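The structure appears below as structure tokens.
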């Protein structure tokens, strides 16, 4: 039953992140949700729960990418938190979502370009 409780807790944190207006707190809630999901023992997670986890990660990655447009004035620390999320924890989900949605890909690219073309190219190379 622990896995179900942790998945529900992660869902609550994802929803908290979605509602959060402060970029630093949004990133922290996302990181906490992902850490909670990552701490689950794979042997205690059913196939249905695995699918639910995958769906949660994908749906909230999509929502984050939608919200990136409004994150143009984030602090440097928060910006790097998002870069860590987008190029680390959520890399597979970002690739999947941006491959199938041109508008979200554009939002994602605009966010990465905030620090200039040289930094964006560096991140793109690490992504490929």
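Overview of results
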{"quantity": "Residue among 61, 21, 98 with the largest mean-square fluctuation in a Gaussian network model of the chain, springs linking Cα atoms under 10 Å", "calculated": "21"}
{"quantity": "Mean residue ellipticity (222 nm) of the chain, computed from DSSP H runs ≥ 4 via -39,500 (n - 2.57), nearest 500", "calculated": "-24000 deg cm²/dmol"}
{"quantity": "Degrees separating the helix 117-127 axis from the principal Cα axis of the chain, which is the longest one", "calculated": "30 degrees"}
{"quantity": "Mean separation of Cα contacts under 8 Å (6+ apart) over length of the chain, as relative contact order %", "calculated": "23 percent"}
{"quantity": "Cα→Cβ-extended label distance, 7 Å offset, between residue 43 and residue 113, nm", "calculated": "5.0 nm"}
{"quantity": "Sorted by Cβ density within 10 Å, fewest first, the residues 14, 87", "calculated": "87, 14"}
{"quantity": "Globularity ratio of the range 40-100, using Cα Rg and 2.2 N^0.38 Å", "calculated": "1.31"}
{"quantity": "Selected from 39, 70, 107 as most flexible by GNM, with the chain as the system and alpha-carbon contacts under 10 Å", "calculated": "39"}
{"quantity": "Cα-based Rg / Dmax (Å) for the range 2-127", "calculated": "14.7, 45"}
{"quantity": "GNM flexibility winner over the chain from 78, 28, 99 (Cα, springs under 10 Å)", "calculated": "99"}
{"quantity": "FRET efficiency, residue 103 to residue 67 (Cβ-Cβ, R0 22 Å, nearest 0.05)", "calculated": "0.95"}
{"quantity": "Residues 60, 100, 84 arranged by fewest to most Cβ contacts within 10 Å", "calculated": "100, 84, 60"}
{"quantity": "Angle in degrees between helix 47-67 and the longest Cα principal axis of the chain, rounded to the nearest 10", "calculated": "30 degrees"}
{"quantity": "Between helix 23-38 and the chain: long-axis angle, C-alpha atoms, 0 to 90°, nearest 10", "calculated": "40 degrees"}
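Each reported figure results from applying straightforward, stated rules to the coordinates on display, with no laboratory input. Because the structure is a prediction, the values reported are computed rather than measured. Every residue, glycine among them, receives a Cβ derived from its backbone with ideal geometry; neighbour counts consider all protein chains shown.
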